[in-house]
């Protein structure tokens, strides 16, 4: 029996148990309300009018899962469905009607919509393990899958109907199949890379970054391959590979066309044109919007026009940034410190310790290679013999560089696609660190041969224990550097801490403390009237101090009480919760809903 495979299965099953168990008391998060409704529109009506700014695959899979298990009623005679899509809140309004006002069992629909996401997350874990095992052995593979399986960020967002874990899968299959094509250049590897590229584009629009990544990998492959001796030969091979890469892109476009043709087949053409025109009305490059509208007008190219419309909407959002709370201030310009700091305080401390060890391991191995050669030559030799790891570095470097430069600070989840590659690199480097030759001496004796396995076992046990300790509050988890989960909201909220997941826990808190009614200012995808019928009064700052109990989402609380950056219009005094300043909450529902008594 292969014990590596056995323990990998145990880790994956444990991960699945943590994910399923932790969503039982969680309500719908903010983005899920729109995504689930949109997915049912694609599945039931083959109509793409909802949530055009994201590709269809994740939402479609979620709808398939819920439809097979629950068969909910999906209304189309509603105002949000019928009205012009330029109303950005239509998708959320329709989601509310669909889930909470159409006689459906909302909890069942939500659970079974999330089930395919959990399976997708587990599937990605299996891919990470198998791919790493074949290339770097069992010890590295087990460590990589443990870092993935017990990451609070993965455990949190791998459960939700959002595009983040899908993007992680897309980058992984896109990069690994392309590297395989570079090394083999066979028809099966060509088709696999093309299909993977197409699937990736259906998961999230940020997967278009695979194109420059492929370009960089082409240069690295041709520039470091030991069989290409002269500049002339390297140039010739570059153009051969580049031509084949264009072919991979064409196969991917065919996959995208097929999927969009299916989900737009029931979308009336006039309505499709009207929606695209309205959504792209403010797009800064009018020629690009005109191309999208032109493609939609023609039956054969219409699926690509719908894809392009979504890509332009995603680009417009990224360029415009978002207004967000970070370190006590609200800003729309973004911060270079945003993603690095959140990565430092929302991942396990153990990962950062291992990363330091991995860095030492990498440096030691690279510097040790052929010491008579220059550092440049040694690095080039290392890349040639470790193309998979070089590809991982490319993904991390490109994605993080663009994320740091972007004003779109939407949460640590935005850089989640790089995490599988970070875990693999960390696992490999840490294993190299534990196996450095200078440690092989008589004092260690036979233990030396087993040292990497022993250390990996200890690390995996600690990571698993930490994942159990933070259960079930994975979304709001902050490590000790961030003040712990209890205080993490002071750094960043929204999808880092409070996405609306604790509404059912508010009901449990009220029942446990014999609270009959409560005033509530809530941010999220849950329905106050559905979960607390007759017991909640929707509240906002301008209504003044309520009498009795009051609860507020930490995202709304921190945004109101924070300072506002220059150039932004701060909330009016009556909207800034002045009457909450200096008032201490008496408790919390879950981690994110602060409860007061007046």
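Each residue in the stretch 220-233 was checked for being farther than 16 Å from residue 377 by Cβ and free of Cβ contacts under 8 Å to residues at least 24 places away in the same chain, and 6 pass. Does at least one position in the stretch 195-212 carry a residue that is more than 23 Å from the chain's Cα centre (by Cα) and either under 19 Å from residue 418 (Cα atoms) or surrounded by fewer than 20 Cβ atoms within 10 Å (Cβ to Cβ) (or both)? No, there is no match, as no residue in the stretch 195-212 is more than 23 Å from the chain's Cα centre (by Cα) and either under 19 Å from residue 418 (Cα atoms) or surrounded by fewer than 20 Cβ atoms within 10 Å (Cβ to Cβ) (or both). Evaluation of residue 208 against the conditions (1) over 30 Å from residue 60 (Cα atoms); (2) touching a helix residue (DSSP H, G or I) at 6+ places or on another chain (Cβ under 9 Å); (3) in a helix (DSSP H, G or I) shows that the sole unmet condition is (1).
Every condition in (1) farther than 22 Å from residue 25 by Cα; (2) in contact (Cβ under 8 Å) with a residue 24 or more places away in the chain; (3) touching a helix residue (DSSP H, G or I) at 6+ places or on another chain (Cβ under 7 Å) is met by residue 562 except one, and the failing one is (3).
Considering the stretch 454-559, the qualifying helices (runs of 4 or more DSSP H), each wholly inside and each with 3 or more residues that are in contact (Cβ under 8 Å) with a residue 40 or more places away in the chain, touching a strand residue (DSSP E or B) at 6+ places or on another chain (Cβ under 8 Å) and closer than 18 Å to residue 26 by Cα, run over 503-512. The residue list 139, 177, 132 contains one member that is over 15 Å from the mean Cα position of the chain (by Cα), at pLDDT below 95 and either surrounded by 23 or more Cβ atoms within 10 Å (Cβ to Cβ) or part of a helix (DSSP H, G or I) (or both), which is 139.
Scanning the stretch 577-598 for residues that are touching a strand residue (DSSP E or B) at 6+ places or on another chain (Cβ under 7 Å) and surrounded by 14 or more Cβ atoms within 10 Å (Cβ to Cβ) returns 583, 585, 587, 588, 589, 592, 593, 594, 595, 596, 597. Apart from one condition, residue 287 fits all of (1) touching a residue at least 40 places away in the same chain (Cβ under 8 Å); (2) farther than 24 Å from residue 399 by Cα; the exception is (1).
Within the option set 488, 525, 483, 567, being buried (at least 21 other Cβ atoms within 10 Å of the Cβ) and under 25 Å from residue 335 (Cβ atoms) holds for one residue only, 488.
The values are calculated or read from the model by the stated rules, or taken from the named source; none is laboratory data. Model, not experiment: these values are computed from the prediction. So basically every Cβ, Gly included, is an ideal-geometry build from the backbone, and we count neighbours across all protein chains shown.
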